[in-house]
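Since every read-out is calculated from the coordinates, none of them should be taken as a lab result. Note that the structure is a prediction, hence the values are computed from the model and not measured.
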Ligand code: CO8
């Protein structure tokens, strides 16, 4: 797929997505968000994709936030609409995706950039990455789910400290806070994400989707226990369940078909 502000490529069932506005530190303008919405919808509906890695172009930034220059003249109504559209079409769409999304944080992940990373199911940071929600320095608050997802990930106290001070934290602190899963040298960022997705790719796709859905139900107060029970029951109806159990009994590797 050809986009203006994204590089998108599927290789061996992994969709590699690079936010490609390096001169603006990959800031998310409206066009980029629209392209992201499109590619997330594509990733969700095609069996060709089993996992997604999102990163930023260059070595300096993952995404330095929403494009400040673009919304400088917005009024309250426009700001609210922008946040709602972005949340629904991109950030929530990623979180609710049926396959794992990994943010490979290759530098600054600020404001909407950290919010994008937090919407992903897992985060891996380069050791030189800096993460923060600096919106209050602009007279704003996070608008792409940041107040909610940061609180889920690091707890109330640290979330309020990070948001109200606008301080950036190091990758090491992000790891200690539970904000990222792993910290690696920048050169190893994509291979670490691939290592995780290559394991996920060997598992039963419908079970992977059901597991993601159940975990996300927990963090979003969507009746997680009931979601898990329902999803667990549905797994028994899949051909992959039969294959997984048969492979175990026959002491061979399961061949899953996502059915
Ligand atoms: N938006 C637009 N342009 C940006 C952004 C941004 N968020 N960040 C950087 N740029 C541009 C700079 O303007 C500059 O462009 P130019 O060369 O044309 O002047 C270029 O990128 C390079 O940036 P710097 O020269 O500033 O690079 P430095 O190394 O000096 O500093 C920083 C790097 C610290 C990352 C700095 O660029 C910075 O502080 N950026 C802004 C970070 C920020 O405040 N992000 C939060 C934005 S608000 C937000 O994300 C709200 C999300 C919710 C929105 C809901 C809908 C309204």
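The Cα atoms of region 95-185 give a gyration tensor whose axes a ≥ b ≥ c have a/c of 1.5 or more with a/b no greater than b/c, which makes the shape oblate. Only Cα pairs under 8 Å and 6+ residues apart enter the sum, and on that basis the relative contact order of region 6-200 stands at 19 percent.
What's the angle, to the nearest 10 degrees (0 to 90), between helix 30-45's Cα axis and the longest principal axis of the chain? So the helix axis and the longest Cα principal axis differ by about 10 degrees. Over all Cα atoms in region 205-250, the spread is summed up by Rg and Dmax: 12.1, 40 Å. Extents of the chain, taken as max minus min of Cα coordinates on every principal axis and listed largest first, are 62, 36, 34 Å.
Report, in deg cm²/dmol and to the nearest 500, the calculated mean residue ellipticity at 222 nm for the chain, where each DSSP H run with n ≥ 4 adds -39500 (n - 2.57) and the sum is divided by the residue count. Dividing the helical sum by the residues of the chain leaves -13500 deg cm²/dmol. Rounded to the nearest 10 degrees, the inclination of helix 239-249 to the longest alpha-carbon principal axis of the chain is 60 degrees. Translational diffusion of region 170-251 was estimated from the Stokes-Einstein equation, with Rh taken as the Kirkwood radius over Cα pairs; at 10 °C and 1.306 mPa s the coefficient is 104 µm²/s.
Antiparallel beta bridges, as assigned by DSSP with both residues in the chain, represent about 25 percent of the total such bridges. Here the mean projected area of the convex hull built on the C-alpha positions of region 19-114 is 5.9 nm².
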